[in-house]
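J.: Dumping the structure here so I can ask a few things about it.
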Amino acid sequence: MSPELVGADGITRCAWGNTAADYAAYHDDEWGVPLRGDAELFERLSLEAFQSGLSWLTILRKREAFRRAFAGFDPDRVAAFSDDDVERLLSDAAIVRNRAKILATITNARAVATLDTPLGELLWSFAPGGTRPRPATMADVPATTPESVAMAKALKKRGFAFVGPTTCYALMQATGMVDDHVVGCFRAV
């Protein structure tokens, strides 16, 4: 077993989960756990978009502030955000103040309102079927897959923004649509 898989707490997990206490908790309790619910999935989709170009740790540590700033990621409430809300968010130092990402979150909430199927049902329809080999290391984990490319296309066609194939694959990993825990990780089943 690779030594970087064993954390300071003696738990064997994916190596990235051993790099910070916040990562360990997220890895152990959330990453790869199947997540359902439109508001919950909207939150994850939004946070993955905010993460683009940044460390996930940055987003993870600001998650509660994001929840406060974006009305608990209730898509209906976020869809009603105005220009004043955008200005409020741009002045909120507790979140990532990126105009394009803020506007994308509002755009995406409005797109959720126009869907002909619930968001969760749509997103989960791209989860790959069957089994696939478990990655030996994180280097064996792809950045995109045909399913994440298809998800990104479907979301963009429905008016979503900031939802490229890499963001969609990260969402799939985070919400348990795929299981990328490496061989040897205690979460690898």
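The values are calculated or read from the model by the stated rules, or taken from the named source; none is laboratory data. Bear in mind that the values here come from a model prediction, so they are computed numbers and not experimental data. Here the Cβ positions follow ideal geometry from the backbone for every residue, glycine too, while neighbour counts run over all protein chains shown. The area values use the complete protein model at the heavy-atom level, side chains included, leaving out ligands, DNA and RNA. Shrake-Rupley method; radii C 1.70, N 1.55, O 1.52, S 1.80 Å.
J.: Convert each backbone phi in the range 166-181 into a coupling constant with the Karplus relation 6.51 cos²θ - 1.76 cosθ + 1.60 (shift: θ = phi - 60°), then list the ³J(HN,Hα) values in order as whole Hz, x for Gly and Pro.
T.: 3J(HN,Hα) across the range 166-181, in whole Hz: 5, 4, 5, 5, 4, 4, 4, 5, 5, 9, x, 5, 10, 10, 9, 5.
J.: May I pose another question? Need one number for the range 31-107: average projected area of the convex hull over its C-alpha atoms, nm². Don't jump to the answer; show the numbers that get you there.
T.: Values: hull surface 19.6 nm².
If you wrap the Cα atoms of the range 31-107 in a convex hull and average its projections, you get 4.9 nm².
J.: In addition: If amide H atoms are built 1.01 Å from N in the plane of the peptide, which residues on other chains or at least 5 residues away come under 5 Å of the amide H of ALA161?
T.: ASN108
J.: May I ask for the longest run of the chain untouched by trypsin sites (Lys or Arg not before Pro) that are loop-located per DSSP and have at most 13 neighbouring C-beta atoms (other than their own) within 10 Å? The partial results should precede the final answer.
T.: Working: sites that count: ARG36, ARG97.
In the chain, the maximal stretch lacking such sites is 98-189.
J.: Among the lysines, select those whose C-alpha is under 28 Å from the C-alpha of LYS62, and discard any that sit fewer than 8 residues away in the same chain.
T.: Leaving aside lysines fewer than 8 places away in the same chain, those within reach of LYS62 are LYS101, LYS156.
J.: Could you rank VAL96, VAL33 by how accessible they are, 1.4 Å probe, largest area first?
T.: Working: VAL96 20, VAL33 55 Å².
Heavy-atom accessible area, descending, gives VAL33, VAL96.
J.: Show that you can apply the helix-only estimate: for the chain, add -39,500 (n - 2.57) for every DSSP H stretch of four or more residues, divide by all residues, and state [θ] at 222 nm to the nearest 500. Walk me through the intermediate numbers first.
T.: Values: 10 runs with 93 residues, N = 189.
Value at 222 nm, helices only: -14000 deg cm²/dmol.
J.: About its Cα centre, how strong a charge dipole does the range 14-151 have in debye, to the nearest 20, once Lys and Arg get +1 and Asp and Glu get -1 at the Cβ? Working shown, then result.
T.: Values: 15 positive and 20 negative charges, 67 e Å.
Here the size comes out at about 320 debye.
J.: Let me ask something additional. Taking amide hydrogens as modeled 1.01 Å from N in the peptide plane, which residues meet the under 5 Å criterion relative to VAL178, leaving out close sequence neighbours?
T.: GLN173
J.: For the chain, list log₁₀ I(q)/I(0) at each q in 0.10, 0.12, 0.16 Å⁻¹, using the Debye formula over Cα point scatterers of equal strength and ignoring solvent, two decimals each.
T.: Treating every Cα as an identical point scatterer, log10 I(q)/I(0) equals -0.41, -0.59, -1.01.
J.: Also: Solvent-accessible area per residue for the range 31-106 at a 1.4 Å probe radius, Å²?
T.: On the way: 3470 Å² over 76 residues.
I get 46 Å² per residue for this part.
J.: When Lys and Arg each count +1 and Asp and Glu each count -1, what net charge do the other residues less than 14 Å away from ALA24, Cβ to Cβ, add up to? If you can, show how the numbers build up before the last one.
T.: Numbers: positive: ARG13, ARG61, ARG187; negative: GLU4, ASP9, ASP22, ASP28, ASP29, GLU30.
That sum, taken over residues with Cβ under 14 Å, equals -3.
J.: Taking H as built 1.01 Å from N, whose amide H comes closer than 5 Å to the amide H of THR12, not counting residues under 5 places away?
T.: Sorted by chain and number, the residues that satisfy this are GLY7, PHE186.
J.: Pop out the carbon and sulfur fraction of the accessible area of the chain as a percent, whole number, probe 1.4 Å. Present the calculation step by step, with values, prior to reporting the outcome.
T.: On the way: 4820 of 8960 Å².
In the chain, the share of accessible area belonging to carbon and sulfur is 54 percent.
J.: From the residues VAL163, SER125, PRO135, which one has its Cα farthest along the dipole of the range 116-179 in the positive direction, the dipole being from +1 and -1 charges on Cβ of Lys/Arg and Asp/Glu about the Cα centre?
T.: So the residue we want is VAL163.
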